[in-house]
Amino acid sequence: MENPFRRLSKAPTNPAVHAPSAGLAAGDRGTSVAAKRKAFDVEDLYRGPLLDSAEESGELDLDEKLRQAYFWIVNTAIISPHYDIEFHDGPSAQFQLGDSKARLTLPSGQSYSSFVLLPLLTFATRTKCLFIGGPGRGKTASALLMGVLAGYPAREIRRGMQHGHPQMTIADLLGNPLPADLVSAQSMTDIRIAWRSWLGMRIKVIDEYNRIPTRTQSALLTVMGDGYAEVLDQIYECPESAWYLTANDDKGGGTYAVIEALRDRVDVTVQAMSFNSRFLSTLLERVESGLRPEDTLPPEIIFNEAQIDAMGTQIRAVAVPDAVRRRIEFFTSQFEFSESAAVAFEYRTKDTLRLAGGDSSTTTPLDTGRDRTADLGCQTRNGLSVRNLMTLLVYAKAIAWFRGSDEVTLDDVGQVLPFVLRDKLVADTDAPFFDANENAPLRTDPIGWLRTLFASSCREFDRLDLDRVDPVLELQNQFELGLDGVSEADVRKRLVSIEALINEWSRGRKLYGHLYDDLLDLKYLHQRYTNYLRWLETQ
Amino acid sequence: MSNVSVDAPEAVAGEREAGDLGRATSSSLSPAFTSILRERRHAYNYRWSEARSRFPHLTSEDAASFFVNDLAPLIDALAASAVQPDQLELLCDIAVDVGSRATGLRLLGVNASQPWVTELWRNTFPALAHLIAANPLAVITEMSHATAQFSTHGASRPQQWLRLLTALGPQAADLEQLRLLGKVIAWRSGLAHYRTGALTAADHLPPSLVEPALEIHAGQSWSTLRVALQESKWPASLVGDTALLTKVGSFRGFGGVFLEPPMLATHDNDLIARSGGDAWLVSADVFGSTLHRIDDDGSPAGTTVEEPTVILGDYVFVGSQAVELGAAAPVTSAAQQGNVLAITTKNSHAIWLLNTTDTADESSDESETGEPL
């Protein structure tokens, strides 16, 4: 009987990326005179051994290999007909169904299942992914597959998997001191630790992490956050790893509440979707074959360490165009501002409020004059952290790379953003925005809400025409050219421009989050010029 | 299990105790770089331990030297060019990935077989900071690869490559323009076999970059020279009436490729040199020369010598000039290619390229020559 799990597409998974390239093919090269002369391709100047050897030897490109892995998992291993990460290549058919006018889109571009794609991007970027969802939906199985993709035998991954339970101790998690050393040691440094083997693995799986006791969670935090384990003053340096955690509940429930710092270390949160009954026949085929997907992963899609390293390097090299970066900046700037949180301008933030034990939902109504339905900042209880933004950039690059592009598009950002910011950007469900009938379901749909939020932010960016008219960006660009050789007269002129801009904004304009960030930026520029001017005056 | 196999940043100490290097070098590192090293300590430790598993000869001193001497100038330049801290960290990650591999391959660092890639990292990359910030992997790997190529062609001029790249690279608007510029500079610095591609690349660059890249002297223009270079590998406007254009190749014991004095052959318009059972394709023009090993296809030896060249004893008379072969004589083989006569001699491992253009009747031409002449 044919092994159903060994089927692997031979066709390029994204033909647009793999169109034949012009120029001399590798097979044309030789050492005869004519061939040698033909082989003098000036592009060879830039080729050499510093890129991954697999690429040089003409094996599959790594992005193509990862796409092969994706399609193998999605088509044969984890039965997932949910294509919730949608990309459009031209017009897409849309339908409205039912009394609620539920919109169904048939994407015209290659679209993906978040439950498979995001763990794979986590694998490629060595970050941390949390699976949430009810029991038996494939959370652990998906994590297991990621381990096998990294070249580990399935058995080793299963053994290395940490299962959270209420009695789990730090020694259970990290390792035990050797009993003989405990008796004979003269100092702490003499005590050797029998470290748990999972610490050295490049794929780390923590099952039901919300059942781990709080103290053990703190030890886990050190491993997750800082990459090392510590027991009795002994340190174990862990290799860079991709992490997969599972939980039945994404609200921190479970036997123990998950400590905030640990939750904050999770980079993306992915929901395991329900089983589609139309795929029962595939399930039946699997039962009858007696095969488990993790035991039958095609070797062509297993990545070695160097390839995983190379994937990370390639992903980091994907460019974020200025126009995309500006929209991310604009989106980010919406949320931290809280006009009534403080008197000092710099402290008018939701974080100030949080530190004082306040609640933005009670103070936001005091922010008079603004349209609380239109102001996106009113929809959240907090702002975004630097860690969130870094993660967003990494995943945006990763999905762009996965799609075969060398630069990030706005669609890439829009598709990964909800999974990165889920649980990070907390919705204020008492906000007027959610009172509208069409928005009420967004109270329980964080992915949908975050998508809507980003789309609204981009619309507002367009409405303000910031692509074309952005005086703050102009001032920033002018400053970034450097101060060397800038005359005193020019500095004074620039200071006047900054003050004039702020003065213009102060005339009756409402204060929104993005303006708040811009004003702080202008203050920064003003201060830099002021200091420079003072220095010039002393010369 | 060891606790720390190679302790990179702030403590790239390897077998030393963690923190040694940090204490030893922290005063020489900028705050921005120190901050990254502290933040990414575990990641870099891991990367270096990985590199050491691939390249067992790597030592902790190599790692320390890389961070302090090779990487720090680039990171400082990036920090000075207002790269955001989080972006700077990503750039540093990429540089560490490439740098550890380059060090392992002995292209970079104190144990590198040639110093050029190390000079590139230390002196040129800081000047290219804005381009690296935009395309770190491409700029770092591609320029390192290009520089490493100079090590494989003995007659090329890596110092010239680095000097021109450092001076002109910062003027490139983006990665694509840097690539084009690099091709032109590589050709100008002696990689003659890239002549065709480099000429095409030059067509896509503004004259303000091409002219300094080719070191065109005042009074000459790129548009004029472009036509001349297309027509001849040895344009008269550059070589003038110089009789001996250049010598190509030398004895293997002195760093060349020939085991014994070569003999010439031709294949179509290509010049072939045979020596000690090996065959080499000779690629030479006004900017330099390179030799490329090929399969010997038995092309007939070159013997045709066109007028007005006369070989007489220790002298080769080229037009109105005579080139003295001295101790190298007598001539053992010769091959004419356009206005260039290639000869080999019994007592020399070099191929002599002689200018057979008779300039006696021509109006006074510019006699400026390129560096190899």
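Coordinate-derived values only; no laboratory data. Since we're looking at a predicted model, the values are computed, not measured. Positions of Cβ are generated from backbone atoms using ideal geometry, with glycine treated the same way; all protein chains shown enter the neighbour counts.
Report the normalised scattering of region B:115-191 as log10 I(q)/I(0) at q = 0.16, 0.22 Å⁻¹, calculated by the Debye formula with identical scatterers on the alpha carbons.
Debye intensities relative to I(0), on a log10 scale: -0.47, -0.92.
Return one number: the angle in degrees, 0 to 90 and rounded to the nearest 10, between the long axis of the Cα atoms of helix A:280-289 and the longest principal axis of the Cα atoms of chain A.
Around 40 degrees separate the two axes.
Need one value for B:139-148: mean number of C-beta atoms belonging to other chains within 10 Å of its residues' C-beta atoms.
Whole-number average of other-chain Cβ neighbours for B:139-148 is 4.
Would you please state which residues of region A:484-499 a label at A:PHE345 would reach in this model, taking the label point 7 Å out along Cα→Cβ and a backbone N cut-off of under 17 Å?
A:494-499
If you take each beta carbon of peptide B:181-191 and count the beta carbons of other chains within 10 angstrom, what is the mean?
2
Taking the DSSP beta bridges in chain A as the whole, what percent of them are antiparallel, to the nearest 5?
50 percent
Work out the FRET efficiency for B:SER221 and B:LYS346 from their Cβ-Cβ distance, taking R0 = 51 Å, and round it to the nearest 0.05.
0.70
Can you sort A:GLU288, A:GLU43 by how many other beta carbons sit within 10 Å, fewest first?
Final ranking by Cβ density, sparse to dense: A:GLU288, A:GLU43.
Cα centroids of region B:205-246 and region A:483-524: how far apart, whole angstrom?
Using only Cα atoms, the two centres lie 51 Å from each other.
Hey, which of these cross-link pairs are over 24 Å Cα-Cα: A:LYS128/A:LYS424; A:LYS139/A:LYS350; A:LYS139/A:LYS204; B:LYS233/B:LYS346; A:LYS65/A:LYS204; A:LYS65/B:LYS183?
A:LYS139/A:LYS350; B:LYS233/B:LYS346; A:LYS65/B:LYS183
FRET efficiency for A:SER277 and A:THR214, Cβ-Cβ distance as r, R0 = 51 Å, nearest 0.05?
0.80
Can you give me the distance in nm between label points at A:ASP181 and B:SER151, each placed 7 Å from the Cα along the Cα-to-Cβ direction?
Modelled inter-label distance: 4.1 nm.
For B:ARG41, B:ARG293, A:ARG509, A:ARG381, what's the fewest-to-most ordering of other Cβ within 10 Å of each Cβ?
Result, fewest neighbours first: A:ARG509, B:ARG293, A:ARG381, B:ARG41.
Would you calculate a helix-derived [θ] at 222 nm for chain A, using -39,500 (n - 2.57) for each DSSP H run of n ≥ 4 and dividing by the full residue count, to the nearest 500?
So the calculated ellipticity at 222 nm is -12500 deg cm²/dmol.
Per 5 Å bin from zero, what fraction in whole % of the C-alpha pairs of region B:31-151 is there, up to the bin with the longest pair?
2, 12, 24, 25, 21, 11, 3, 0
Measure nothing fancy, just the Cα-based angle from helix A:513-538's long axis to the longest principal axis of chain A, in degrees from 0 to 90, nearest 10.
Helix A:513-538 sits at roughly 70 degrees to that axis.
Measure nothing fancy, just the Cα-based angle from helix A:322-333's long axis to the longest principal axis of chain A, in degrees from 0 to 90, nearest 10.
Approximately 70 degrees, to the nearest 10.
Taking R0 as 35 Å, what FRET efficiency do you get between A:GLU230 and A:ARG325 from their Cβ-Cβ distance, rounded to the nearest 0.05?
Efficiency, from the Cβ-Cβ distance: 0.40.
Along Cα→Cβ, 7 Å out, is where each label goes; now give me the distance between the ones at A:ASP435 and A:ALA194 in nm to one decimal.
6.4 nm
Evaluate the distance, in nm, between pseudo-label points positioned 7 Å from the Cα of A:LEU473 and of B:HIS204 along their respective Cα→Cβ axes.
2.7 nm
How large is the Kirkwood hydrodynamic radius of the protein assembly as shown, counting all unique pairs of alpha carbons, in Å?
31.9 Å
What order do you get for A:CYS238, B:CYS92 when you list them from fewest to most C-beta neighbours inside 10 Å?
With the fewest neighbours first, A:CYS238, B:CYS92 line up as A:CYS238, B:CYS92.
Along each principal axis of its Cα atoms, how long is chain A end to end? Whole angstroms, biggest number first, please.
Here the Cα extents, ordered largest to smallest, are 77, 74, 71 Å.
Ranked from highest to lowest mean number of other Cβ atoms within 10 Å per residue, what is the order of the peptides A:115-127, B:277-289, B:256-268, A:477-489?
Ranked by mean Cβ neighbours within 10 Å, highest first: A:115-127, B:277-289, B:256-268, A:477-489.
On a C-alpha basis, how far is the centre of region A:205-272 from the centre of region A:126-185 in Å? Whole number, if you could?
Spelled out, the Cα-based centre of one part sits 11 Å from the other.
How much of the DSSP beta bridge set in the protein assembly as shown is antiparallel, as a percent to the nearest 5?
75 percent
Counting pairs of Cα atoms in region A:495-535, how many percent are more than 17 Å apart?
Taking all Cα-Cα pairs of region A:495-535, the fraction more than 17 Å apart is 31 percent.
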